[in-house]
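Take a look at the structure below.
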Amino acid sequence: MTTTPREALGWLHSAVESGEVERLCGRYDLDLLVVHGSAVERESSRAPADLDIACRHRPGTALDVVGLINDLMGLTGFDGIDLLDLNTAGVVATARALGPRSLLLYEAEPSLFTLAQIAALTMEMETRHLRLLDLKLMAGR
């Protein structure tokens, strides 16, 4: 059994090379699968506690979250998987998951990740002033 998120990430790399990740993405109608967060940040001040994975499923399909997490645990031998559904995630969460430090595991078509990344980061930047205004309104200023 894998005991750390970084060991689990190593197993995911092996699964990418063997084609297992591509087959998994096909079973769940995923067009994008990335790892993000502390497990991919080598210069983190503390060891990661979980493995943050983000996925995007094709339009018109439903995501079987429990099944996907179970299959990811089977691939990695690690039960600390934190899954983010990019189809329903908020602007900030999507931008963080697809940010420059994220690690691409699977894209259904060339440049799909790059286009999603540009869209997410642009949306986060263009709406930042609205989030700041919300914080001011909540603070009563």
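Go through LEU51, LEU24 for me and flag whichever is closer than 30 Å to ARG128 by Cβ, in contact with a strand residue (DSSP E or B) (Cβ under 8 Å, 6 or more places away or on another chain) and modelled with pLDDT of 95 or more. Give the steps one after another, and end with the answer.
Numbers: LEU24 fails: closer than 30 Å to ARG128 by Cβ.
Sole residue among the options that is closer than 30 Å to ARG128 by Cβ, in contact with a strand residue (DSSP E or B) (Cβ under 8 Å, 6 or more places away or on another chain) and modelled with pLDDT of 95 or more: LEU51.
I'd like the full set of residues that are in a helix (DSSP H, G or I) and either surrounded by 18 or more Cβ atoms within 10 Å (Cβ to Cβ) or hydroxyl-bearing (Ser, Thr, Tyr) (or both), limited to region 1-10. First the steps, then the outcome.
Of region 1-10, the ones in a helix (DSSP H, G or I) are 5-10.
Answer for region 1-10, where residues must be in a helix (DSSP H, G or I) and either surrounded by 18 or more Cβ atoms within 10 Å (Cβ to Cβ) or hydroxyl-bearing (Ser, Thr, Tyr) (or both): PRO5, ALA8, LEU9.
Here are some residues: ASP82, ASP134. Which one is among the charged types (D, E, K, R) and in contact (Cβ under 8 Å) with a residue 24 or more places away in the chain?
Working: ASP134 fails: in contact (Cβ under 8 Å) with a residue 24 or more places away in the chain.
It is ASP82.
Being small (Gly, Ala, Ser) and within 24 Å of LEU75 (Cβ to Cβ) is the filter here, so list the residues in region 93-123 that pass it. Show your work before the answer.
Within region 93-123, the subset small (Gly, Ala, Ser) is 93, 95, 97, 99, 102, 108, 111, 116, 119-120.
Matches in region 93-123: ALA93, ALA97, GLY99, SER102, ALA108, ALA116.
For region 72-83, does any single residue satisfy the condition of being over 12 Å from the mean Cα position of the chain (by Cα) and over 15 Å from ASP50 (Cβ atoms)?
yes
Give the number of residues within region 74-102 that are surrounded by 15 or more Cβ atoms within 10 Å (Cβ to Cβ), aliphatic (A, V, I, L, M) and not in a loop (DSSP other than H, G, I, E, B).
Residues flagged as surrounded by 15 or more Cβ atoms within 10 Å (Cβ to Cβ), aliphatic (A, V, I, L, M) and not in a loop (DSSP other than H, G, I, E, B) within region 74-102 amount to 8.
List pairs: first residue in region 19-48 and part of a loop (DSSP other than H, G, I, E, B), second residue crowded, with 21+ Cβ neighbours inside 10 Å and among the charged types (D, E, K, R) anywhere in the structure, Cβ distance under 6 angstrom, at least six positions apart or on different chains.
Listed by first residue and then by second, the contacts come to GLY37/ASP52.
Which numbered condition trips up GLU126, out of (1) among the acidic types (Asp, Glu); (2) surrounded by 15 or more Cβ atoms within 10 Å (Cβ to Cβ); (3) in a helix (DSSP H, G or I)?
With respect to (1) among the acidic types (Asp, Glu); (2) surrounded by 15 or more Cβ atoms within 10 Å (Cβ to Cβ); (3) in a helix (DSSP H, G or I), GLU126 is out only on (2).
If you go through region 54-73, how many residues are touching a strand residue (DSSP E or B) at 6+ places or on another chain (Cβ under 8 Å) and in a loop (DSSP other than H, G, I, E, B)?
Residues of region 54-73 touching a strand residue (DSSP E or B) at 6+ places or on another chain (Cβ under 8 Å): 54-58, 63, 65, 68-69, 72-73.
Those still in the list that are in a loop (DSSP other than H, G, I, E, B) too: 58, 63.
Number satisfying all stated conditions: 2.
In region 60-72, which residues are free of Cβ contacts under 8 Å to residues at least 12 places away in the same chain and either basic (Lys, Arg) or under 22 Å from ALA120 (Cα atoms) (or both)? Write out each step before concluding.
First, pick out the residues of region 60-72 that are free of Cβ contacts under 8 Å to residues at least 12 places away in the same chain: 60, 62, 66, 70.
Scanning region 60-72 gives GLY60, ALA62.
Which of the residues spanning region 51-80 are farther than 13 Å from LEU33 by Cβ and small (Gly, Ala, Ser)?
Result: GLY60, ALA62, GLY67, GLY74, GLY77, GLY80.
Between ALA116, ALA120, which is assigned to a helix (DSSP H, G or I), touching an Asp or Glu at 6+ places or on another chain (Cβ under 9 Å) and closer than 24 Å to ASP29 by Cα?
Values: ALA120 fails: touching an Asp or Glu at 6+ places or on another chain (Cβ under 9 Å).
Within the list ALA116, ALA120, the selection yields ALA116.
Quick test of your reading of the structure: GLY60 fulfils all but one of (1) within 15 Å of the chain's Cα centre (by Cα); (2) on the phi > 0 side of the Ramachandran plot. Name the failing condition by number.
(1) is the only condition that GLY60 fails.
The values are calculated or read from the model by the stated rules, or taken from the named source; none is laboratory data. A quick note: this is a predicted structure, and the numbers were derived from the prediction, not measured. FYI the Cβ positions are ideal-geometry reconstructions off the backbone, even for glycines, and counts take in every protein chain you see.
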